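The values are calculated or read from the model by the stated rules, or taken from the named source; none is laboratory data. None of these values were measured; they are calculated from a predicted model. In this analysis, Cβ positions are derived from the backbone assuming ideal geometry, glycine residues included, and neighbour counts consider all displayed protein chains. Each accessible area value is taken on the protein alone, full model and side chains, heavy atoms only, with ligands, DNA and RNA left out. Shrake-Rupley method; radii C 1.70, N 1.55, O 1.52, S 1.80 Å.
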Amino acid sequence: MAEVPGDCPGTSSAQAGSATACQGCPNQRLCASGAAAGPDPAIEEIKEKMKSVKHKILVLSGKGGVGKSTFSAHLAHGLAEDETKQIALLDVDICGPSIPKMMGLEGEQVHQSGSGWSPVYVEDNLGVMSVGFLLSSPDDAVIWRGPKKNGMIKQFLRDVDWGEIDYLIVDTPPGTSDEHLSIVQYLSAAHIDGAVIITTPQEVSLQDVRKEISFCHKVKLPIIGVVENMSGFICPKCKNESQIFPPTTGGAEKMCQNLNVPLLGKVPLDPQIGKSCDKGQSFLSEVPNSPATASYRNIIQRIQDYFGLHHSQEEKII
Amino acid sequence: RGNLARVQHILLVLSGKGGVGKSTISTELALALRHTGKKVGILDVDLCGPSIPRMLKVQDRDVHQCDSGWVPVFVDQDKSISLMSIGFLLEKPDDAVVWRGPKKNALIKQFISDVAWGELDFLIVDTPPGTSDEHISTVEALRPYKPFGAVLVTTPQAVSVGDVRRELTFCKKTGLRVLGIIENMSGFVCPHCLECTNIFSKGGGEELAKHSGVPFLGCVPLDPQLTQSLEEGRDFIQEFPKSSAFPALASIAQQILDGTS
Ligand SMILES: Nc1ncnc2c1ncn2[C@@H]1O[C@H](COP(=O)(O)OP(=O)(O)OP(=O)(O)O)[C@@H](O)[C@H]1O
Ligand SMILES: Nc1ncnc2c1ncn2[C@@H]1O[C@H](COP(=O)(O)OP(=O)(O)OP(=O)(O)O)[C@@H](O)[C@H]1O
Ligand SMILES: [Mg+2]
Ligand SMILES: [Mg+2]
Ligand SMILES: [Zn+2]
């Protein structure tokens, strides 16, 4: 991949090829000619590559720290319990990758194979890719502007040797910016099945999540449903419940009603979830009998049902 | 030096991790400094997910234009806290700001040069998580005004501390002084039985501060009264002096004041 200048205005911008940052960039003439403004040829290449991937799910939220990565990791673990299914987990949070740690893969490196990068495997049927596998030390910061992040995402989709996959789960950073636009654009020809949106119960979070739902509508991304995470905490000593992040405006339930999107379920706060994440283990198998595990399993089942349903509808149409 | 000429100290609130309480700390720091008689401005450069307007209950207000640029929104009668946020520029609150880097960078430059802050003791800059466009542009545009430094926020667990380690590297690389690390959401005391549960673990922020030789500014516990008052846009510092998060927040503000005097 050619080195993108830090201030690259983006190939489709009006300044492409003529901005100060474009001086000396190997792609300057191409950009200035306007040729780069057309659809990126990578979109077709990615479509080819993604023919071996049955379902693609994005995990999104407008708000930070609501549990996107935790959910992505556990969705992957949950789906991978069926050994006949092949699962891939792709982390496109380029500046704050959490997936390597949560999957117990910190310090792992990707390997270059003849057909591209090989994912790092947690189990035979669960492969993971993250920018974390490309860093040499835990102090390494990825101080990249948009275009460079986009280049990385393109490589993750086009140049990783994913193989035959039943479910590709994509964990994203918070917001509605470069990473989100890029993943949606690069997968536009390959088709994304839908997005699972994560929120916490309080309005400070919901106000950002409504923006994320607007984003999904804007880019015509179907919404599989919303997960309310960190809803309520049961004290381990007295068993009383506290609303640490109170649903002051009715929580995800009310928002889903208003916006007419399905609520997939609620996951309570459980200190063991954070511990499992820090140790890189699956909470589902570490603490199988907890209420949080039950609700994770319920939600995963609903997502599987979504695919079962849509799949059979597709077959009917054919 | 334009619109920032009469700003004494510029503080950035940063974290590699999302949802750790950057906006909360920015808001409470502003309120605490205001209570010591300081004039404070808040610049919210989280363009995709602005939280501060709601946290200060000014989400329905608009900014106006004047000769020297935008007039920020004043939060209180005596104009001791002023705020600029993209939240004030959106037609509908649920509108998504679907912008790539270059557009975000242009607005941030404008936010830094074109807001008529007037005289301020402190300008607090609230940022989104990460080390990308918003952060690079903000630090670059603020460089001529010599920011006083950055406060880093983390939650105790390793997943968050790991991201904040990377943020420390960002500060080092961009020459931004780290004033200290805050460990937020550190322990929850059950209001029914007073049992303390470390929902997001404990001690990770303090350990990181030690390990990296950076001052540790304190642990702020999980406090439902704090969430609640931010939801309602109330002045937590004035209304809840007996709550569990108050002493830590007040002490952090005091350390910042001591550092600047
Ligand atoms: N239900 C829960 N109970 C307790 N802890 C949780 C729960 N869900 C997530 N966590 C913890 O909260 C922290 C934030 O979760 P996570 O990193 O998954 O959020 P995120 O949305 O991916 O954040 P970012 O926006 O930074 O990518 C993690 O330490 C995780 O272990
Ligand atoms: N110490 C605390 N006790 C209770 N609630 C808290 C505490 N700190 C933050 N919160 C709540 O947690 C949520 C996340 O905090 P906040 O929005 O400040 O995080 P952030 O780092 O700014 O997130 P983002 O990365 O999305 O910008 C908010 O609802 C806030 O009210
Ligand atoms: Mg994450
Ligand atoms: Mg914030
Ligand atoms: Zn209790």
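Computed values, structure above
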| item | result |
| --- | --- |
| On Cα atoms only, tilt of B:158-174 relative to the major axis of chain B in degrees | 40 degrees |
| Alpha carbon centroid spacing (whole Å) that separates region A:62-139 from region B:108-140 | 33 Å |
| Computed over the protein assembly as shown, Cα set: Rg, Dmax in Å | 23.1, 74 |
| Magnitude of the charge dipole, region B:1-118, Cβ model with Lys/Arg +1 and Asp/Glu -1, debye to 20 | 420 debye |
| With at most 11 other Cβ atoms within 10 Å, longest stretch of chain A clear of loop GluC sites (Glu not before Pro) (DSSP) | A:165-318 |
| Inter-chain Cβ neighbour average for residues B:184-190, partner chain, 10 Å | 3 |
| Surface accessible to a 1.4 Å probe, B:H64 within the full protein complex, Å² | 120 Å² |
| Net charge dipole size for region B:156-261 [Lys, Arg +1 and Asp, Glu -1 on Cβ; Debye, nearest 20] | 520 debye |
| Antiparallel bridge percentage (DSSP; both residues within chain B; nearest 5) | 20 percent |
| For chain A: relative contact order, % (alpha-carbon pairs under 8 angstrom, 6 or more apart) | 20 percent |
| Rg/Rg_ref, chain A, where Rg_ref = 2.2 N^0.38 Å and atoms are Cα | 1.02 |
| Difference of contour (0.36 nm per residue) and Cα-Cα distance, A:A294 to A:N260 | 9.7 nm |
| Length added when fully stretched, A:E286-A:D140, from 0.36 nm per residue minus Cα-Cα | 49.5 nm |
| Cysteines not pairable in chain B (beta carbon separation under 4.7 Å absent) | B:C48, B:C66, B:C171, B:C196, B:C219 |
| Low-density loop cleavage sites - GluC sites (Glu not before Pro) in region B:109-158, where at most 15 other Cβ are within 10 Å (DSSP) | B:E119 |
| HN-Hα J in Hz across region A:74-86 - Karplus 6.51, -1.76, 1.60, θ = phi - 60°, x for Gly and Pro | 6, 4, 5, 4, x, 5, 6, 5, 7, 5, 7, 9, 9 |
| Whole-Hz ³J(HN,Hα) from phi, Karplus 6.51 cos²θ - 1.76 cosθ + 1.60, for region B:64-72, glycine and proline x | 10, 8, 9, 4, 9, x, 7, 8, x |
| A:V227 long-range amide H proximity, modeled H, under 5 Å | A:I197, A:I198, A:T199, A:L264 |
| Amide H within-cut-off set for A:K56, under 5 Å, with H built and near neighbours excluded | A:L168, A:D193, A:G194 |
| Cα radius of gyration and Dmax for region B:1-126 (Å) | 13.7, 40 |
| For residues of A:267-276, the mean tally of beta carbons on other chains within 10 Å | 3 |
| When each of A:K63/A:K220; A:K68/B:K104; B:K57/B:K202; A:K49/B:K92 is checked by Cα-Cα distance, pairs over 29 Å | B:K57/B:K202; A:K49/B:K92 |
| Average Cα contact separation per residue, region B:79-144, under 8 Å, 6 or more apart, as relative contact order % | 39 percent |
| Antiparallel DSSP beta bridges within chain A, percent to nearest 5 | 20 percent |
| Loop trypsin sites (Lys or Arg not before Pro), region B:209-261, which have at most 15 other Cβ atoms in a 10 Å radius of their Cβ (DSSP) | B:K242 |
| Helix-only mean residue ellipticity at 222 nm for the protein assembly as shown, each DSSP H run of n ≥ 4 adding -39500 (n - 2.57), per residue, nearest 500 | -11000 deg cm²/dmol |
| Among beta bridges that DSSP assigns inside region B:38-85, antiparallel share in %, nearest 5 | 50 percent |
| 3J(HN,Hα) from dihedral phi, region B:42-54, Karplus parametrisation 6.51/-1.76/1.60, rounded to Hz, x for glycine, proline | 10, 10, 9, 9, 7, 7, 8, x, x, 10, 5, x, 5 |
| Other-chain or far-sequence residues with amide H under 5 Å of B:N184's (modelled H) | B:T154, B:T155, B:V220 |
